[in-house]
Amino acid sequence: MITGNIFNDCWLGNRESGGAITLSKCEEVAVTNNQILDSLYRGVSIENSNRCRVGSNTILDRRSEPKMIEAIGTDGKGENQIEGV
């Protein structure tokens, strides 16, 4: 479980995948109630994972010229639950 954290100005990942929080080959992980601010690529990235849940996070790009590609990215593999951000 990843919950109750503040991630600010994370440059993890690349244009194709990855983000401030990356779930890779994970099962049954919850990412909840975090503040993810000004990430370069994504706030949360889900890759080759199953039964993971992402919800109740604040994911924002507050820069005058936004750079974040997407708040939550997934490769579409597995059955994951993404709730309102």
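Nothing in this text is a laboratory measurement; each read-out follows from the coordinates by a stated rule. Quantities reported herein were computed from a predicted structural model and do not represent experimental measurements. For neighbour counting, all protein chains shown are included, and Cβ atoms are generated from backbone atoms with ideal geometry for every residue, glycine included.
Of note:
- Taking the inverse of the mean reciprocal distance over all distinct Cα pairs, the Kirkwood hydrodynamic radius of the chain comes to 12.4 Å.
- Chain lengthening between Ala30 and Thr58 when straightened (0.36 nm per residue, less Cα-Cα): 8.6 nm
- Packing, as the average of other Cβ atoms within 10 Å across residues, places the peptides 39-45, 17-23, 7-13, 58-64 in the order 39-45, 17-23, 7-13, 58-64, highest first.
- The loop-placed GluC sites (Glu not before Pro) in the range 8-85, going by DSSP, that have at most 16 neighbouring Cβ atoms within 10 Å of their Cβ come out as Glu16, Glu28, Glu79, Glu83.
- For the pair the range 48-69 and the range 1-31, the centres of their Cα atoms are 8 angstrom apart.
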